[in-house]
Every structure is written in structure tokens, then in C-alpha cells.
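Read through the structure below, which is laid out as C-alpha cells, and then see the notes.
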Amino acid sequence: MSGEHQASRLSFFEAAWVVARRDFRAILFSRAFFFFLLGPLFPLVVGGLAGGIGGQVQREAIVNSIALAMADTDNEALLAARQTARETVDGLPELVVIESSVRDAPDFSPETVLRTSDYAVVVTGTPEEPELTGTQLQIDRWDGPVSLLSAMTTGATPTSYPEVTENVLATTASAAKSNRIRTAQAGQLLLFLLMMLLAGMVLSNLVEEKANKVIEVLAAAIPMDSVFFGKLFAMLGVSFVGIAVWGLFGAGIGALAGEAMPTLAEPALGWPVFILLGIAYFAMGYLILGSLFLTIGGMATTVREVQTLSMPVTMAQLLVFFLAAYSMTSPGSPLELTAAIFPLSSPFAMLARAAQSAELWPHVLALAWQALCVAIFVKAGATLFRRRVMKSGKGGRGVKGRVGSTAPADPA
């Protein structure tokens, strides 16, 4: 029996599996995929180093020292007031007394001290009428503490403070809502970054196979719908491999960082269900966006054309991400329902709802709706590709000439 007859007996899902297995192996065992996996790790390492260095520079750049250039008794009174207040009041500056030989010199001026030292401001005058010299930013920052300490030296404020009894609550309704919103924001951002990073691989897939005529052989052997589905799920499988590698790397970094790693509040549905829904929404969002990218890649003839055609879809995805991020603060509102129904924004909006609401049934409906959208988009993309590309130009005549010839039984 000829290879064409064997291929024609493949069901829709069998044909899609053949294409998915072929593309998955070809991409996974290529050198380009190895470098693709390393690509996002370098920005993370550089970003971590830059953040650490920037934080150290910022800490070094903050000046918390104030120079005292008043009379000796006034300086001592301010130092004593600070010693009394520091046990209760946070954020008090360091007080440094300028030597009497310097401040009693005829040419002494606060401006000269600030030009030759690292003090934030210089305090002169008296506790009743303190005078601060420095930049406007530093004066605005330290006039409150200086005023408080000066008032303490004159007896205008108490010098002892009552002990405060603390009734600590684990959480409140408003605190829980704010914390879950932060969890929703983090989930949306991670989902968006992964989708935009990984969905781009779909763009050039059909362009390469159109150039080397592989797509013509596939189209002659199996339905174009199966080709599109197979390629999409192959890229989805490759994406999960990449996420697993990056996840292991992130887990290692988290283990080394320990308690220094930032933590997020537990979502309303709990972490296990939230993570499972995150995986499901990533898969659906990837398939929806990937079907659009696959159609764009099929219509293009060069990589430059792919980049030009993909720009509107990328910008649209950025806009729907902002829509979902903005609407999550008002669950159940018309805007939030619109974001949950619109296919491109639905995964983001529903993931945010999973962090804020304990209801599970809306996610079942949302996943079913997104799966239907994937089927519609893939069918429309395959039909458009078959009508506009495979039946036009040399490609169309080439496929028509191959239909009657022997096609390979297994394109893989």
C-alpha cells in the first residue's frame, strides 16, 4: 500500500500527533534551543547584580548625619533628647557636634561646612529658634526630627513615653484584599512575560518550512488543521520544558536566598489550585496567541515580514494585559467581565480572579470558552493559510502536483 493511502487513514488527532512529535523533537534537540534556554537567565543574573549594586549605592548615597553648630549647652541638650527619643521614635538622624574651634572661627559658615563634608544639613541658632542650612530636599527631610528634638529640650513635648500595648492580628479584611491583589498582579505579570517570551517561537516556524517546501509535503499528506494543531502543541510542549528548566533555576536561587526572598500572600483558592490554574491558563493563553502568530507566520514569506506583521498582535496583547490588570481591582464589574470573556485577556483576568475569589466554577467555564476559542482560531488560521497561500503562486501548483504522487507515511 502506498504511503499516501497510509497517511490518508490517519485520524485528525493521529495526524496532529505526528506533526507535534516531529516538531517537538526537532526543536528540543537543536543547539538553538539550548541557547534559547540560557537567554533569559543572563538578564536575571545581570538584573540581580544590578539590583544589589544599586541598593548598596543607594544606601551609601543616603546621608543621615546632621551637624550641630550651636552653643555647647544646646548641642548637649539635643544629644540627650535624641538619646531619650531613639528608643521610641524611629528614623532619627545621627547628630555630630562640630568642634568649638571650627564653629568659633571668624570665617565659619554652614555653607563652608557642607561644601567640605558629608553632612545633610547644619543646625545653628538655638533650640527655641533652630536654623537649618542645606538643600531644599534635605531640609524638608530633616526639619521634622530637628523640630521634635528641639521641642524636647525646651520642655514643649514629653521626655518620657507611655508603654504601648500591642494587639497584633494576623490579618484583616482590607489587608487580605491588598495582599491578594499583589499576588494577582505577580501572577499576571509572570503569565504575560512567559507568554510573550515563548510565543514568539511560533512566528518563524511556518516561514522556514515554506522556504524548504516541507509544508507542501505535509499539506499533501494530512489536513492543514492537523498541521496547525500539531505545531501549536509541539511548541507548547517545548515551552513547558523551558519553564521547567527556568523553574528549577529559580528554585535554586530561592533556596540560596532563604528568607531574603519576597513572599506573596496565599491566594483565595490556595496555592495548589492556583498553580494548577496558572498552568492551565498559560496553556490556553499560549495556544490562543500562538494560533494568531502561526497564522501570521504562514502568511509571511520572510522573517522581516513576520516581525512587521506580528507587531500589531504584540501591541494588542500588551493592551489587553493592561485591561486585565486594571479590571482586577473591581471583581464582577462590567469591565472585569469583559476582560474575562475577551479571548486574549481572559487568561490574565481569570488568573487574577483565582487569587481573589474562592469560587471554582467560573474557571471551568472560562477554560471551556478558551478551548473553544483555540479551536476556532486554529480552524480559521488553517483555512486562511490553505486558501491564500497553498492555492496561490508556485506553492499552490506544487501542492496540487504532489497530491497525486506518493507522499511519505510519517512526516516525522
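The values are calculated or read from the model by the stated rules, or taken from the named source; none is laboratory data. Bear in mind the structure is a predicted one, so any value in this text is a computation, not a measurement. We place every Cβ from the backbone using ideal geometry, glycine too, and count neighbours over all the protein chains shown. Ligands, DNA and RNA are stripped out before the accessible areas are found, and what is left, the full protein with its side chains, is counted by its heavy atoms. Shrake-Rupley method; radii C 1.70, N 1.55, O 1.52, S 1.80 Å.
A cut-off under 12 angstrom between Cβ atoms defines the neighbours of ALA352, and their net charge, with Lys, Arg +1 and Asp, Glu -1, is +2. Backbone amide hydrogens, once placed in the peptide plane, bring LEU95 within less than 5 Å of ILE66, excluding anything fewer than 5 places away on its chain.
Put a dot 7 Å past the Cα of GLN307, heading toward its Cβ, do the same for VAL214, and the two dots end up 2.2 nm apart. With R₀ set to 60 Å, the beta-carbon distance separating THR314 from ASP72 gives a calculated FRET efficiency near 0.30.
In this simple spin-label approximation, LEU190 and ALA251 carry label points 7 Å from Cα along the Cα→Cβ vector, and these lie 1.3 nm apart. Note on PHE12: accessible area approximately 70 square angstrom, rounded to 10, probe 1.4 Å, nucleic acids and ligands left out.
For VAL89 and ARG115, the FRET efficiency from 1/(1 + (r/R0)^6), where r spans their Cβ atoms and R0 equals 22 Å, is about 0.10. In a fully extended conformation the segment linking ILE181 and LEU372 would gain 65.9 nm over its present Cα-Cα distance, using 0.36 nm per residue.
Derived scalar couplings between HN and Hα for the stretch 323-332 equal 4, 5, 5, 6, 7, 6, 6, 10, x, x Hz in order, rounded to whole Hz, by the Karplus curve 6.51 cos²θ - 1.76 cosθ + 1.60 (θ = phi - 60°), x for Gly and Pro. Between the C-alpha center of the stretch 16-38 and that of the stretch 308-354 there is a gap of 30 Å.
Each peptide among 98-111, 331-344 gets the average number of other Cβ atoms lying within 10 Å of its residues, and from highest to lowest they stand as 331-344, 98-111. Full extension of the chain segment joining LEU79 with TYR326 gains 84.0 nm, where the gain is 0.36 nm per residue of separation less the Cα-Cα distance. A straight chain from THR263 to GLU99 at 0.36 nm per residue would run longer than the Cα-Cα distance by 54.3 nm.
Projecting label points 7 angstrom from Cα along Cα→Cβ for THR338 and LEU384 puts them 2.3 nm apart. For the stretch 59-133, rounded, prolate or oblate, judged on the Cα gyration tensor with a ≥ b ≥ c (square roots of eigenvalues), a/c < 1.5 rounded, else prolate if a/b > b/c? Since a/c reaches 1.5 but b/c is at least a/b, the shape of the stretch 59-133 is classed as oblate. Karplus-based coupling profile of the stretch 15-22, in residue order and whole Hz: 5, 5, 5, 4, 5, 5, 5, 5, with θ = phi - 60° in 6.51 cos²θ - 1.76 cosθ + 1.60 and x standing for Gly or Pro.
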